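Here the structure comes first, spelled out in structure tokens, and everything after it is commentary.
The values are calculated or read from the model by the stated rules, or taken from the named source; none is laboratory data. Just so you know, these numbers come straight off a predicted model, no measurement behind them. In this analysis, Cβ positions are derived from the backbone assuming ideal geometry, glycine residues included, and neighbour counts consider all displayed protein chains. To get the accessible areas, we keep the full protein, side chains included, count just its heavy atoms, and leave off ligands, DNA and RNA. Shrake-Rupley method; radii C 1.70, N 1.55, O 1.52, S 1.80 Å.
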Protein chains: 2
Amino acid sequence: MEPPALLWSVDNCTIARAMAIIGDKWTFVVLRDVFQGIHRFDQMRVRTGIPRQVLTNRLDRLVAEGLLRREPYREEGSRTRTEYRLTDKGLDLYPVLVAILAWGDRYLADPEGSPIELVHRDCGAPVHAPLNCTAGHEVKSPREIAPRPGPGARRRV
Amino acid sequence: MEPPALLWSVDNCTIARAMAIIGDKWTFVVLRDVFQGIHRFDQMRVRTGIPRQVLTNRLDRLVAEGLLRREPYREEGSRTRTEYRLTDKGLDLYPVLVAILAWGDRYLADPEGSPIELVHRDCGAPVHAPLNCTAGHEVKSPREIAPRPGPGARRRV
DNA sequence: TTGCTGGGTCTGTCAATAAGACCTAGCCTG
DNA sequence: CAGGCTAGGTCTTATTGACAGACCCAGCAA
């Protein structure tokens with residue numbers, strides 16, 4: 001019983017392409033901070049504990065990939081410096097962050113619970129990213145989901 | 001204007017802990033295949049192009065972390081071999097995969113579109129993971145979301 | 001002119017990845 | 001019962017990346 005997936009090429013797989021950009025230990029830790037309003041090199045460094053050089057590399061890559069942009073700022077009595085802000089492409093990673101946080105909270109949190117909660121600014125209720133289908137059904141288990149070839153699918157050679 | 005996030009410790013951050021497990025270039029590529037019904041070493045290797053040793057390491061780690069389990073199987077005329085199957089902890093990463101796929105499809109797909117679609121097995125409609133809050137509101141933009149300290153939050157020293 | 005500060009670079013060490021050859025347990029066939 | 005086949009791995013070597021810590025540097029203020 002050959003799995004049908006074996007018939008299809010994966011060389012244009014968007015998951016693999018995404019992981020080439022965001023697939024490392026630190027990127028989401030950086031994004032977590034930026035999403036939380038931390039935009040400056042040294043603040044990130046202190047919070048995350050990332051080695052300077054690695055943080056420099058990550059920020060450079062995130063800027064090169066268009067997830068962050070550099071923005072000059074000038075504080076009273078200091079010279080102009082740069083801070084890092086999310087682009088739309090970066091902001092659109094928020095659902096991924098929410099999903100990772102949900103998983104981490106479930107399996108990796110201390111007994112007291114998660115140190116971070118994400119709430120809807122207006123109503124104060126927690127935010128989640130539940131699976132559902134566009135027909136409006138709630139998807140209770142991943143087993144209800146079937147993968148199938150999309151418009152960009154190519155047969156394997 | 002100090003960002004309030006700076007007051008809080010991040011040493012028990014569940015995002016960082018999650019990234020220590022799943023934060024690398026290959027893990028989600030492996031999980032993608034397992035979710036698609038590919039459970040055997042060589043099939044994964046051919047599809048993903050991962051170097052053998054790295055695939056061995058990843059599978060070992062995923063088993064050690066309890067996301068996959070080894071299952072012996074026996075095919076007609078062959079000796080017993082092992083295949084890799086998702087545990088509940090691994091299955092629960094599905095929403096993360098869905099979110100990554102959505103982002104990748106939006107920003108990284110070829111012009112023809114994504115090679116993979118995930119559909120609801122019963123109704124055939126595409127599956128997504130939209131953000132919403134537990135009060136039932138749809139969250140249209142990440143800007144509507146505010147982070148706040150959770151039950152496990154600790155002040156920085 | 002000296003010092004402070006944020007955002008870096010330089011250097012050296014060690015761990016992870018990549019590529020490719022080699023190994024091994026058991027089943028089958030000659 | 002020798003030899004080949006196969007899935008699921010090791011072994012070796014070269015290259016890249018992570019890490020730690022020292023150092024640098026522009027410009028504002030005292």
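Quick check: the distance between the Cα centres of the range A:135-157 and the range B:1-64, to the nearest angstrom?
21
Could you state the accessible area per residue of the protein assembly as shown in Å², with a 1.4 Å probe and every protein chain left in place?
Accessible area per residue: 49 Å².
Taking amide H positions as placed in the peptide plane 1.01 Å from N, state which residues far from B:Trp8 in sequence (5 or more) or on other chains have amide H under 5 Å from it.
Residues meeting the criterion, in which the H sits 1.01 Å from N, are B:Arg156.
State which entries of A:Lys25/B:Lys25; A:Lys140/B:Lys25; A:Lys89/A:Lys140 exceed 19 angstrom in Cα-Cα distance in the structure shown.
Check vs 19 Å cut-off fails for A:Lys140/B:Lys25; A:Lys89/A:Lys140.
Calculate one ³J(HN,Hα) per residue across the range A:113-129 by plugging θ = phi - 60° into the Karplus curve 6.51 cos²θ - 1.76 cosθ + 1.60, and present them in order as whole Hz with x for glycine and proline.
Couplings: x, 6, x, 10, 10, 10, 10, 5, 4, 6, 9, x, 7, x, 9, 9, 10 Hz.
Quick query: amide H of A:Glu83 versus all other amide H atoms, modeled in the peptide plane; which residues come in under 5 Å with a sequence gap of 5 or more or a different chain?
Close amide H contacts, sequence-distant or interchain: A:Glu71, A:Tyr73.
Take A:Asp122, project a point 7 Å from its Cα along the Cβ direction, then tell me which residues of the range B:119-134 have their backbone nitrogen under 14 Å from it.
In the range B:119-134, the label zone of A:Asp122 (backbone N under 14 Å from the point 7 Å along Cα→Cβ) covers B:132-134.
Would you work out what percent of the accessible area of the protein assembly as shown, with all protein chains in place, is carbon or sulfur (probe 1.4 Å)?
That share works out to 49 percent.
Could you tell me the calculated FRET efficiency between A:Ala64 and B:Lys140, based on Cβ-Cβ distance and R0 = 45 angstrom, to the nearest 0.05?
The computed FRET efficiency comes out at 0.95.
Please list, ordered by chain and number, the residues whose modelled amide H lies under 5 Å from the amide H of A:Val119; skip anything fewer than 5 residues away on the same chain.
A:Val127, B:Ala146, B:Arg148
Return the sequence-ordered ³J(HN,Hα) values of the range A:27-36 in whole Hz as given by the Karplus equation 6.51 cos²θ - 1.76 cosθ + 1.60 applied to θ = phi - 60°, using x for Gly and Pro.
Per-residue couplings from phi come out as 3, 6, 5, 5, 4, 3, 5, 5, 4, 8 Hz.
I need the fraction of alpha carbon pairs in the range A:20-157 separated by more than 21 Å, rounded to a whole percent.
Values: 5452 of 9453 pairs.
The share of Cα pairs beyond 21 Å in the range A:20-157 comes to 58 percent.
I'd like the Karplus ³J(HN,Hα) series for the range B:60-75: coefficients 6.51, -1.76, 1.60, θ = phi - 60°, whole numbers in Hz, and an x wherever there's a Gly or Pro.
4, 5, 5, 5, 4, 7, x, 8, 10, 10, 7, 10, x, 9, 9, 9
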